[in-house]
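The values are calculated or read from the model by the stated rules, or taken from the named source; none is laboratory data. Here the structure is a predicted model, which means the values were calculated and not measured. Note: ideal-geometry Cβ built from the backbone for every residue, glycine included; neighbour counts use all protein chains shown. Surface accessibility is based on the protein's heavy atoms, side chains included, excluding ligands, DNA and RNA. Shrake-Rupley method; radii C 1.70, N 1.55, O 1.52, S 1.80 Å.
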Amino acid sequence: DTAVSQTPKYLVTQMGNDKSIKCEQNLGHDTMYWYKQDSKKFLKIMFSYNNKELIINETVPNRFSPKSPDKAHLNLHINSLELGDSAVYFCASSQGGYASTDTQYFGPGTRLTVL
Amino acid sequence: AQSVTQLDSQVPVFEEAPVELRCNYSSSVSVYLFWYVQYPNQGLQLLLKYLSGSTLVESINGFEAEFNKSQTSFHLRKPSVHISDTAEYFCAVSAVQGAQKLVFGQGTRLTINP
């Protein structure tokens with residue numbers, strides 16, 4: 001059973017397009033995250049949601065909009081894609097919301113390539 | 001704000017040799033420390049974490065890390081590595097107060113040669 005799943009695994013698209021990446025967790029966790037991993041493997045948090053409420057919103061262009069329909073899902077929508085958006089995007093979840101001690105469980109990643 | 005520096009981007013070692021992956025951090029507040037591992041084409045998995053108590057923490061697969069507050073370090077060690085340890089290793093910190101926000105280092109690629 002997959003704990004944190006992401007779709008699609010690969011996404012190739014043209015500049016200017018709008019695309020979405022979906023994330024689902026079946027762990028019963030309250031908090032979900034989106035991370036961006038660039039070509040140098042540097043991993044940086046983008047957003048965090050706790051029970052559908054946004055709790056972390058890093059300095060990310062407005063073209064990126066997370067949406068959490070319920071606490072088991074956190075989707076990432078990207079408008080007007082740019083070359084610099086090419087990266088691997090990871091979804092993660094953790095049990096609590098405000099506990100810095102929690103372990104985060106990561107999905108397999110979505111490799112986005114913008115041409 | 002916090003920052004994490006992993007001093008080695010790549011570490012090649014021979015199988016059964018010992019290894020140390022270095023991690024230093026900077027923070028104006030107290031932090032928790034984590035090591036995550038990323039096997040090829042997979043997401044990250046927690047390897048071990050330091051929250052409080054004994055400064056030496058261990059994982060189930062033979063890795064250990066020691067929190068050194070005075071040197072602001074959290075180096076990862078294993079006395080004898082296996083081919084299966086080949087992966088990218090990420091050190092991370094999160095401030096004790098507030099929502100968990102992991103700040104990662106740049107990662108260290110550990111390559112085990114037979």
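Size of the dipole of the protein assembly as shown about the Cα centre, Lys and Arg at +1 and Asp and Glu at -1 on the beta carbon, nothing else charged, in debye to 20?
Once rounded to the nearest 20, the dipole reads 480 debye.
Work out, step by step, the length gained on full extension between A:LYS40 and A:SER65: first 0.36 nm times the residue separation, then minus their alpha carbon distance; give nm to one decimal.
6.6 nm
What's the average, rounded to a whole number, of partner chain beta-carbon atoms within 10 Å of each residue's beta-carbon in A:40-52?
Partner Cβ neighbours, averaged per residue: 3.
About the Cα centre of chain A, what is the dipole size in debye to 20, counting +1 per Lys and Arg Cβ and -1 per Asp and Glu Cβ, all else neutral?
300 debye
Once you sort the root eigenvalues of the Cα gyration tensor of the range B:8-114 as a ≥ b ≥ c, which label holds: rounded (a/c under 1.5), prolate (a/b larger than b/c) or oblate (the other case)?
prolate
Of the listed peptides A:84-91, A:51-58, B:45-52, what is their order by residue-averaged count of other C-beta atoms within 10 Å, with the highest listed first?
Working: A:84-91: 19.8, A:51-58: 14.0, B:45-52: 16.1.
Answer by packing, highest mean first, reads A:84-91, B:45-52, A:51-58.
Projected onto the charge dipole of chain B (+1 at Lys/Arg Cβ, -1 at Asp/Glu Cβ, origin at the Cα centre), which of B:VAL13, B:PHE63, B:SER84 gives the Cα projection farthest towards the positive end?
B:PHE63
Mind checking the full-extension length gain between B:GLN97 and B:ASP8? Use 0.36 nm per residue of separation minus the Cα-Cα distance, one decimal, nm.
29.1 nm
Around B:HIS82, under 12 Å between beta carbons, what's the net of Lys plus Arg minus Asp minus Glu among the other residues?
On the way: positive: B:LYS78; negative: B:GLU15, B:GLU16, B:ASP85.
Local net charge: -2.
For the protein assembly as shown, which whole percent of the accessible surface, found with a 1.4 angstrom probe, sits on carbon and sulfur atoms? Show your work: numbers first, answer last.
On the way: 5360 of 11050 Å².
That fraction is 49 percent.
Please compute the modelled spin-label separation between B:GLN42 and B:HIS82, points set 7 Å along Cα→Cβ, answer in nm with one decimal.
The answer from the label model is 1.2 nm.
Report the number of Lys pairs in the range A:4-114 whose alpha-carbons are under 14 Å apart, with separation of 8 or more residues or on distinct chains.
Going through the range A:4-114 pair by pair, I get 8.
Return the average number of partner chain Cβ atoms within 10 angstrom of each residue Cβ along peptide B:61-67.
Per-residue shielding by partner chains comes out at 0.
Where the centre of each part is set by its Cα atoms, how far does the range A:1-49 sit from the range A:65-115, in angstrom?
Value for the Cα centre distance between the two parts: 3 Å.
When Lys and Arg each count +1 and Asp and Glu each count -1, what net charge do the other residues less than 12 Å away from B:SER73, Cβ to Cβ, add up to?
+1
What does the net charge come to around B:ALA92 if you take all other residues with beta carbon closer than 12 Å to its beta carbon, with K and R at +1 and D and E at -1?
Overall, the nearby charge balance is +3.
Could you tell me the total accessible area buried at the B-A interface, probe 1.4 Å, in square angstrom to the nearest hundred?
Roughly 1900 Å² of accessible surface disappears when B and A pair.
Modelling each spin label as a point 7 Å along the Cα-to-Cβ direction, I'd like the B:GLU15/B:GLU66 distance in nm, to one decimal.
2.9 nm
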